[in-house]
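The numbers here are math on the coordinates, done by the rules we state, and not lab data. Keep in mind that what you see is a predicted model, and the values were worked out from it rather than measured. Backbone-built Cβ (ideal geometry, glycine too); neighbour counts: all protein chains shown.
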Amino acid sequence: MNFYVPSATVDGREIDFLILALSLVSCAVLALVFGLILLYMVRYRAESGVYRGAPGRKTWRFEISWTVATLAVFFALFIWGGDLYVRLFQPPADALQIYVVGKQWMWKVEHQGGQHEINALHIPINRPIQLVMTSEDVIHDFSVPAFRIKHDVLPGRYESIWFEAKTPGTFELFCTQLCGVGHYSMTGEVVVMSQPDFENWLSGGAPAGEREDLAAAGKELFTAHGCSGCHGEGGVGGTPATTGVNAPALAGLLGRSVKLQSGATVTADEKFIRDCILTPDKTPIAGYPQIMPSFSGQISEEKVLRLIAYIKSLKSGSRT
Amino acid sequence: MRDAAVQHSYLDDGRTLRSWLLTTDHKRIAILYIVAITFFFFAGGFAAFLIRYNLISPKGLIGSAETYNRLFSMHGILMVWFFLVPAVPVTLGNFLVPLMLGARDLAFPRLNLLSWYLFMAAGVVALYAVVGGGVDTGWTFYTPLTSFYSQGHVIAAVVAIFIAGFSSIATGLNFIVTIHKLRAPGMTWYKMPVFLWSLYATSVILVLATPVLAMTLLLLAFERIFGIGVFDPAIGGDPLLFQHLFWFYSHPAVYVMILPGFGVISEIIPAFSRKELFGYKFVVWASIAIAVIGFLVWGHHMFVAGTSLYSALVFSLLSYMVAAPSAIKVFNWIATMHKGYIRFDAPMLYAIGFIGLFTTGGLTGLFLAALAADVHLTQTYFVVAHFHYVMVGGMVSAYFAGLHFWWPKMTGHMYPEMWGRAGAIIIFVGFNLTFFPQFLLGYLGMPRRYFAYPQHFEALNLLSSAGALILAVGYILPLGYLTWSLLYGERASANPWGATGLEWTTASPPPTENFAVTPIVTQAPYQYRQAEAVNHE
C-alpha cells in the first residue's frame with residue numbers, strides 16, 4: 001500500500017483539485033498574516049525609532065474592504081464545494097446497485113447476482129456503482145479514501161453513495177464512525193477490476209446456473225415467511241376470494257405513490273418497503289385493514305434486502 | 001506602606017479553609033476555579049499523552065482497544081466540559097468582570113459560589129465515571145451506540161455533564177445581569193473593554209444553548225435506562241435526532257470556548273503594542289455576530305450523516321458566514337500592531353502564538369465547510385488537527401496569555417519573565433509538531449478513533465507523538481514557574497504593564513472591596529497614546 005494514493009475516481013480528482021485550491025488560499029492568507037506580524041514585530045518593536053507618523057483615521061474603509069474580500073472568497077469556495085457535493089450524492093440511473101450491510105464489526109456485501117463477500121467489495125472499472133447501505137446495529141461509516149468518498153451507514157435507513165472507479169487496484173476501506181470497541185478493526189478492501197475480470201470473479205465458485213441471484217433468494221423467503229399467503233403468489237395482491245384477505249399488490253410497487261390511511265401519500269422506496277415489513281403498524285395503507293404482523297426481529301437486514309430485490313423484480317401485472 | 005496594602009488584599013481576608021470554601025468574593029471563587037480546572041486540564045492531558053503513546057506503533061502500544069477508546073472519551077469529556085468551556089469565563093472572567101466594570105462583586109455572589117459547587121459536584125461524578133472504568137462512546141455520545149451497545153459508566157458521565165451544565169448557566173446568567181446592571185458611572189456599552197463584550201456574548205450562548213444539552217442528555221439517559229425509544233430506530237427512535245440536538249448545543253459551545261479567548265487577545269495586543277485597538281466596534285460586533293450565527297451552523301457536523309442535500313447547502317453557506325467575523329478580528333489585531341511600540345513579554349508572545357495557530361485552525365475550517373472537501377476530510381485526523389488548532393493552539397494559548405497578563409493582578413507577584421517567554425515558544429513549537437502532521441494524516445485518509453492503524457501512517461504518527469512530548473514539557477513549565485512565583489516572585493505594582501482598564505487602577509492583589517472609591521469612567525478603552533506619554537520617556 002502506497003504512502004499516497006492518487007484518487008481512483010473522476011470526482012475524487014475534482015475533490016483533490018478543490019482541496020488544492022483551498023490549500024493555496026490558506027497558504028496565501030497565512031503568508032499575509034505571519035508576514036505582517038513578523039514585519040511589525042521587527043519594524044515597530046518598542047526599541048525601534050522608526051517614524052510612526054500620525055495615527056490613521058476612517059478605519060471603516062479598511063474594515064469594509066477586508067470583510068467584502070473575505071466574503072467574496074468564501075462565497076466562491078461555497079459554490080465550488082456545494083456543486084461538487086450535489087453531484088456526489090446523485091447517482092446516475094444506470095448505476096450498478098450493490099447492497100452493503102454494516103454490523104459490529106464487519107462489512108457484508110450482497111451483489112445483485114447473490115454473491116456475498118465480507119470486508120471486501122469487488123467492482124468493475126469505468127462503471128457507475130451505487131451502494132445501498134444499512135446497518136444492523138449502530139451507526140457505521142463507509143469510507144474509501146482513495147475514492148475521496150464516505151457516508152454514514154445508519155440502522156433503519158438506506159443511505160446511498162455512488163462512484164465510478166477509473167484505476168484498477170486494491171484500495172483501503174475504513175469504518176469512520178465510532179461504532180464500539182472493534183471500530184478500528186472494521187476495515188476491508190475495495191477491489192477494482194476490469195469488466196471481464198469482474199464477470200469472472202462474479203461467476204467464481206458456483207457455475208452460473210446453480211447460484212441463486214438476490215431476487216430468486218427473495219422469492220423463496222417470500223414463500224417461506226408466508227408473504228405469499230396474503231399478497232398472493234408473485235405479489236399480485238389478495239382478495240377475500242383468492243387469498244382470504246384484502247392485501248395490496250406488490251408488483252410494480254417500487255417508485256409508485258402509495259396512499260396511507262393517515263391521508264399522506266408517500267413514494268414507495270426501499271426504506272418504505274423495509275418499514276412495511278418490519279413495522280407495518282406505522283404505515284397502514286389506505287383501503288386495507290392493517291392486519292399484517294411485524295417481522296421485526298425475525299428476519300435479518302440481509303433477508304430484508306433480498307425481499308426488496310424480489311419485490312423490485314416483480315413487474316406490474318406479471319406473474320413470476 | 002506595603003504592609004498596609006498586603007493586609008487589605010483579598011488574599012489576606014481570612015486564611016482558613018473555611019474562609020475559602022464559604023467565600024462569596026468573586027476573586028476567591030476565581031482562584032478556587034483555577035485550582036479545579038488546572039487539575040482537570042492535567043487529567044485530560046494525561047489521557048492525551050497515553051493516546052499519543054499508543055499511536056507510536058501501528059499495532060497500538062497500550063494493548064487494549066477498549067482502554068484506548070475509554071482514554072479518548074475521557075480526554076474529550078474532561079477537556080471540553082471541565083476545562084475548555086469553563087476555562088476563561090470562570091477564572092479570568094470571574095476575577096475581572098467586576099474589576100473591569102468598576103463594581104464591588106458580581107450581581108449574585110452566592111449564585112457564583114453555588115456554580116463552583118455544582119462544578120465540583122459534576123467533577124466528582126465525572127471522576128467516579130473515570131475511576132470506575134470510564135466510557136467508550138467518545139465525547140459525542142452518538143446513538144444508538146451510547147443508548148444500548150456501549151458498556152461502561154455512561155449514565156455517570158451523562159449526569160456529570162448535566163450538572164456541569166447548570167454551573168455554566170449560573171455563571172452565564174450572573175455575567176449578563178452584572179454587565180447590564182453594575183457598570184461604573186460613565187461606563188457606557190461602547191466604553192467597555194472588548195473582554196467584557198466577549199464574555200457577554202459567551203454568556204448569552206451559555207444560557208440559551210446549555211438547556212438543550214441538558215434535555216438531550218436526559219432523553220439519552222431515559223432511553224438507556226427505561227428503553228424509551230427516542231434515538232434508537234430499533235425501538236422507534238431517530239439516530240439523527242440525537243446528532244441534531246447534540247450539535248445544536250455543541251457547535252455554539254465551540255464559540256463559548258473561543259470567544260473569551262478573543263476577548264483576552266483584544267486586551268493584550270493593544271497593551272503590548274501601546275496602541276488603541278483597531279476597529280473597536282467591528283471587533284465588538286464580530287463577537288455578537290459569531291454568537292448569533294453560531295446557533296445556525298450545527299448541521300455542518302453532519303454533511304455525511306444522511307441529512308438532505310439542501311440542508312447541507314444552507315449549513316455550508318452559513319458556516320462560511322460565521323467564519324467572516326473571525327477573519328475580521330484577526331485583521332483588526334494585526335492592524336493594531338501596525339505603527340505600535342511592540343514589547344515581547346510572555347503574554348504578548350502567547351497572544352501572537354494564538355493569532356498564528358487560530359488562523360491556521362480557522363483556515364482549515366474552510367476546507368471542512370466546503371461540502372465536497374468535507375466528504376473526504378471529515379471523521380479523519382484532519383478534523384482532529386483542525387479543532388485542536390482552534391481549541392488548544394488557539395484557546396489554551398489565549399488562556400495562558402491571559403493568565404500571565406493578569407497573574408500579577410491576581411497574585412500580587414510577577415512570574416519569572418524569561419521562563420514565561422520560554423514556555424510560550426516551547427508550546428508554539430511543540431503544538432505545531434504535534435498537530436500539523438495530523439492534517440496530512442487526515443488527507444491521506446487515517447480515520448479518527450482508531451486504536452491500531454495501517455503501517456503506512458506510522459511515520460507521521462511518530463512525528464506527532466514526538467511533538468506531544470515537547471508540548472507536554474511546555475504545559476508543565478508554567479505549572480512549575482507560576483507556582484514558584486507565588487512564593488518567590490517579585491512583588492507586582494498596581495499596573496506593571498502600564499495597561500489601561502479599571503482593574504489596573506486598584507492594588508495588586510486588589511482589596512476585598514475592589515475599589516476604595518467607585519471609579520468614574522470618562523474615557524474610551526485602550527487610550528494608549530496617553531499612557532505612552534506617562535509611562536515611557
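Using the Cα atoms of the range B:103-214, I'd like the radius of gyration and the largest Cα-Cα distance, Dmax, both in angstrom.
Rg, Dmax (Cα atoms, Å): 17.8, 59.
Based on a Kirkwood Rh over C-alpha pairs, give the Stokes-Einstein translational diffusion coefficient of the range B:32-140 at 4 °C and viscosity 1.567 mPa s in µm²/s.
Numbers: Rh = 15.4 Å.
Translational D for this selection: 84 µm²/s.
What translational diffusion coefficient, in µm²/s and rounded to a whole number, does the Stokes-Einstein relation yield for chain A at 20 °C and a viscosity of 1.002 mPa s, taking the hydrodynamic radius as the Kirkwood radius over Cα pairs? Working shown, then result.
Details: Rh = 23.7 Å.
This corresponds to a translational diffusion coefficient of 90 µm²/s.
Which semi-axes, in whole Å and largest first, does the equivalent ellipsoid of the range B:71-128 have when worked out from the alpha carbon gyration tensor as the square roots of 5 times its eigenvalues? Provide the component values of the computation, followed by the final result.
Numbers: eigenvalues 148, 37, 5 Å².
For the range B:71-128, the semi-axes come out at 27, 14, 5 Å.
Which whole-percent values make up P(r) of the range B:187-248 when all C-alpha to C-alpha distances are grouped in 10 Å steps starting at zero?
Calculated over all Cα pairs of the range B:187-248, the distribution is 20, 34, 19, 14, 10, 3 percent.
Give me the net charge of residue B:232's neighbourhood, meaning all other residues with Cβ under 14 Å from the Cβ of residue B:232; Lys, Arg count +1, Asp, Glu -1.
Working: positive: A:157, B:224; negative: A:136, A:137, B:223, B:238.
Here the count lands on -2.
Quick one: Kirkwood hydrodynamic radius for the range B:198-330, alpha-carbon pairs, angstrom, one decimal?
Working: mean 1/r = 0.0605 Å⁻¹.
Kirkwood hydrodynamic radius for the range B:198-330: 16.5 Å.
Mind computing the radius of gyration and Dmax over the alpha-carbon atoms of the protein assembly as shown? Å is fine for both.
Cα radius of gyration and Dmax of the protein assembly as shown are 30.3, 108 Å respectively.
For the range A:173-261, what is the Kirkwood estimate of the hydrodynamic radius, computed as the reciprocal of the mean inverse distance between distinct Cα atoms, to one decimal in Å? Can you show the working numbers first?
Values: mean 1/r = 0.0570 Å⁻¹.
Computed over the range A:173-261, the radius equals 17.6 Å.
Show log10 I(q)/I(0) for the range A:96-203 at q = 0.13, 0.17, 0.19 Å⁻¹, two decimals, from a solvent-free Debye sum over equal Cα scatterers.
-0.42, -0.72, -0.91
Dividing the convex hull volume of the alpha carbon atoms of the range B:253-410 by its residue count, what do you get in Å³ per residue? Don't skip to the answer; put the middle values down first.
Numbers: hull volume 16.4 nm³, N = 158.
Hull volume normalised by residue count: 104 Å³.
Summarise the partner chain shielding of A:143-156 as one whole number: the mean count of Cβ atoms from other chains within 10 Å of each residue's Cβ. Could you put the intermediate results ahead of the total?
Details: counts 8, 2, 9, 1, 3, 7, 4, 11, 5, 11, 1, 7, 7, 8.
Per residue, the number of nearby Cβ atoms from other chains is 6 on average.
Over 16 Å, how big is the tail of the calculated P(r) for the range B:372-489, in percent of all Cα pairs?
It works out to 64 percent of all Cα pairs.
Using modelled backbone amide H atoms (1.01 Å from N, in-plane), which distant-in-sequence or interchain residues come within less than 5 Å of residue B:446's amide H?
Counting only residues 5 or more places away or on other chains, the set is B:381.
Could you go through the range A:25-39 in sequence order and give the Karplus-derived ³J(HN,Hα) for each residue, using 6.51 cos²θ - 1.76 cosθ + 1.60 with θ = phi - 60°, rounded to whole Hz, and x for Gly and Pro?
4, 4, 4, 5, 5, 4, 4, 5, 5, 5, x, 5, 4, 5, 4
Let me confirm one metric for peptide A:45-54, namely the mean number of other chain beta-carbon atoms within 10 Å of its residues' beta-carbons. Each step should come with its number before you reach the end.
Working: counts 5, 10, 3, 2, 0, 1, 1, 5, 1, 1.
Averaged over the peptide's residues, the number is 3.
Need one number: the % of Cα-Cα pairs in chain B sitting beyond the 36 Å mark.
For chain B, the share of Cα pairs beyond 36 Å comes to 30 percent.
Pull up all non-local amide H partners of residue A:132: gap of 5 or more, or a different chain, and H-to-H distance under 5 Å with H placed in the peptide plane.
Long-range HN contacts for residue A:132: A:98, A:99, A:100.
Peptides A:168-179, A:183-194: what's the order by average Cβ count within 10 Å, highest mean first? Intermediate results must be reported in sequence, preceding the final value.
Details: A:168-179: 22.2, A:183-194: 20.3.
Per-residue Cβ counts within 10 Å, averaged per peptide and sorted highest first, yield A:168-179, A:183-194.
For a test of understanding, tell me how many lysine pairs in chain B have Cα atoms under 24 Å apart, given they are 8 or more places apart or on different chains.
16
Show log10 I(q)/I(0) for the range A:214-313 at q = 0.20 Å⁻¹, two decimals, from a solvent-free Debye sum over equal Cα scatterers.
Listed by q, the Debye log ratios stand at -1.04.
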